[in-house]
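These notes are about the structure you will find just below.
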Amino acid sequence: GGARGVSDTRAPASIVIIEDEVKLAAVLADYLHAAGYVTHTISSGLEAASAVRRLRPDLVLLDLTLPGRDGVEVCREIRAFTDTTIVLVTARVEEVDRLLGLDVGADDYICKPFSPREVVARARAILRRARTRGTPVEIPGLVLDEAGQRARFHDQWLDLTAVEFRL
Ligand code: CA
């Protein structure tokens, strides 16, 4: 520890892995953990939604074939109470088109077999996208707080009107 950039003061993003293949889930958790994420693994479809409700993760990796409850149902269940990012994991490439048509509320799809590295790269890209939406944007010395419509340069809050801010 101690080597994090000065601007990275937020808690590490958390990821819930919903996957019943224990080995696969463990490998994914290892890779994501090594990449700096906090992970939780859930192996049952029945517990998935309540776990997400409790853990409030930044990203959910949701396997489609789960014991107890179908991944599509789980996805809808999660989407009913949170707009957190959901990535569906499926072994059936041809399934993705059908899922897109069903509009289950997923943000992205990953097809098995995948390399854990690929999943880490996708997670990073997705989380970056999600975090620049509505959270303060930082560039060296300048902080833009979009929600608060204000900007700070070094330690000084800038006196801006809403119109100036948008510029
Ligand atoms: Ca599975």
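The values are calculated or read from the model by the stated rules, or taken from the named source; none is laboratory data. Fair warning: this is a prediction, and the values are worked out from it, not measured in the lab. Reconstructed Cβ throughout: ideal geometry from the backbone, glycine too, with neighbour counts over all protein chains shown.
General remarks:
- Of the residues making up segment 21-39, those that are at negative phi and either away from the ligand (no atom under 16 Å from the Cβ) or basic (Lys, Arg) (or both) are Lys23, Asp30, Tyr31, Leu32, His33, Ala34, Ala35, Tyr37, Val38, Thr39.
- Tyr31 being in contact with a strand residue (DSSP E or B) (Cβ under 7 Å, 6 or more places away or on another chain), hydroxyl-bearing (Ser, Thr, Tyr) and in contact (Cβ under 8 Å) with a residue 60 or more places away in the chain: no
- Segment 13-26, residues that are hydrophobic (A, V, I, L, M, F, W, C), within 19 Å of Leu64 (Cβ to Cβ) and surrounded by 16 or more Cβ atoms within 10 Å (Cβ to Cβ): Ile15, Val16, Ile17, Ile18, Leu24, Ala25
Table: residues versus (1) small (Gly, Ala, Ser); (2) within 13 Å of the ligand (Cβ to nearest atom).
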residue: Gly71; (1), (2): yes, yes
residue: Ala80; (1), (2): yes, no
residue: Asp83; (1), (2): no, no
residue: Ala91; (1), (2): yes, yes
residue: Leu100; (1), (2): no, no
residue: Asp103; (1), (2): no, no
residue: Val119; (1), (2): no, no
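- Conditions (1) in contact with a strand residue (DSSP E or B) (Cβ under 8 Å, 6 or more places away or on another chain); (2) surrounded by 14 or more Cβ atoms within 10 Å (Cβ to Cβ); (3) in a helix (DSSP H, G or I); (4) modelled with pLDDT of 70 or more; number of the one not met by Ile110: (3)
Let's see how each residue does on (1) more than 12 Å from the ligand (Cβ to nearest atom); (2) at pLDDT 95 or above; (3) in contact with a Gly (Cβ under 7 Å, 6 or more places away or on another chain):
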position: Leu46; (1), (2), (3): yes, no, yes
position: Val52; (1), (2), (3): yes, yes, no
position: Arg56; (1), (2), (3): yes, yes, no
position: Val96; (1), (2), (3): yes, no, no
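- Cβ-Cβ under 8 Å pairs, at least 6 apart or on other chains, segment 95-124 side under 16 Å from Glu19 (Cα atoms), far side of a type in the set (D, E, K, R) and surrounded by fewer than 17 Cβ atoms within 10 Å (Cβ to Cβ): Ile110/Glu118; Cys111/Arg92; Pro116/Asp30
- Residues that are exposed (fewer than 15 other Cβ atoms within 10 Å of the Cβ) and in a helix (DSSP H, G or I), drawn from segment 73-106: Asp97, Arg98, Leu100, Gly101, Leu102
- Residue check, Thr41 of a type in the set (Ser, Thr, Tyr), out of contact with any Pro (no Cβ under 7 Å at 6 or more places or on another chain), at pLDDT 95 or above and within 22 Å of Glu118 (Cα to Cα): yes
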